[in-house]
Amino acid sequence: MRSPRTMPLAIAVAGLVVAVAGCGNAPGGSLAQATAGSNVSASPGARPAVLWPAPPDPMARTVEAGLKPGPKEFLQANHVHAHLDVFVDGKPITVPAGIGIKIDDPHVRRFDEPDGVAYGGIDLCNVPCISPLHTHDATGIIHTESSDPKPNTLGEFFIEWGVELSDTCVGEHCAPTPIAVYTNGERYEGDPGAIELTDRKEIAIVIGTPPPQIPKTADFSKA
């Protein structure tokens, strides 16, 4: 799918997975129940709930993440897509549209789509209105569109989202609730914030009761 910047009626997409299950002091299921095997990250027919909405101060959070907001997208040096799925007790949670985008800027266009809203179509804002790291829509696709070739990280994205991310917490979900991280279906043991958002990467963060399968990849055909 082409970006709204280049094709107004389409939604841009990218590929990284976070799976989150369990909450607070609720008992979590065995992580052994989660096994890599699914080829597509999305849960067919599921309508994700909104647990963590996009924050109202995207440009300030871009700066907090150590990134530089700009008046448009830069596609030349570093244009990659990653996909993020979030699950709570095996159920999908929305990765909101407009993270890293000043959606109330008059130069940012809004597109109403069957599955929700998308933001983009930016020619040039009068002031900085978009982070090099952002979401156009709520498909879970995370875009890096930057003049800097250095990869962005999952930690930077979660700062922009305003959600805590560490090896012991995702948002309000913290140990002793189990937390597990997967990249492309394989268990990841390091700091989740350090995961680089390279092209076509799928990342799953599983908290508590896992989904039936850990996705290995996402559909990037329309990215």
So residue 144 passes all but one of these: (1) under 15 Å from residue 81 (Cβ atoms); (2) surrounded by fewer than 18 Cβ atoms within 10 Å (Cβ to Cβ). Which condition number does it fail? (2)
In the range 82-96, how many residues are out of contact with any strand residue (DSSP E or B) (no Cβ under 6 Å at 6 or more places or on another chain), open to solvent by less than 40 Å² (accessible area, probe 1.4 Å) and on the phi < 0 side of the Ramachandran plot? 6
Please specify each residue of the range 185-218 satisfying the condition of being of a type in the set (Asp, Glu) and closer than 20 Å to residue 78 by Cα. 196, 199, 202
Which count do you get for residues in the range 164-221 that are over 16 Å from the mean Cα position of the chain (by Cα), open to solvent by 20 Å² or more (accessible area, probe 1.4 Å) and not basic (Lys, Arg)? 17
Quick check on this structure: which one of 204, 175, 180, 218 is in contact with a His (Cβ under 9 Å, 6 or more places away or on another chain) and either touching a residue at least 12 places away in the same chain (Cβ under 8 Å) or over 21 Å from residue 98 (Cα atoms) (or both)? 218
Just to be sure, is residue 22 in contact with a Lys or Arg (Cβ under 8 Å, 6 or more places away or on another chain) and either within 25 Å of residue 198 (Cα to Cα) or at pLDDT below 70 (or both)? no
I'd like to know if the range 123-132 contains one or more residues that are modelled with pLDDT under 95, among the charged types (D, E, K, R) and out of contact with any His (no Cβ under 8 Å at 6 or more places or on another chain). no
Given the options 102, 91, name the one that is among the basic types (Lys, Arg), over 25 Å from residue 194 (Cβ atoms) and in contact with a helix residue (DSSP H, G or I) (Cβ under 9 Å, 6 or more places away or on another chain). 102
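The values are calculated or read from the model by the stated rules, or taken from the named source; none is laboratory data. Here the structure is a predicted model, which means the values were calculated and not measured. Every residue, glycine as well, gets a Cβ built from its backbone with ideal geometry; the counts of neighbours run over all protein chains shown. Remember, those area values only see protein heavy atoms, side chains included, never the ligands or the DNA or RNA. Shrake-Rupley method; radii C 1.70, N 1.55, O 1.52, S 1.80 Å.
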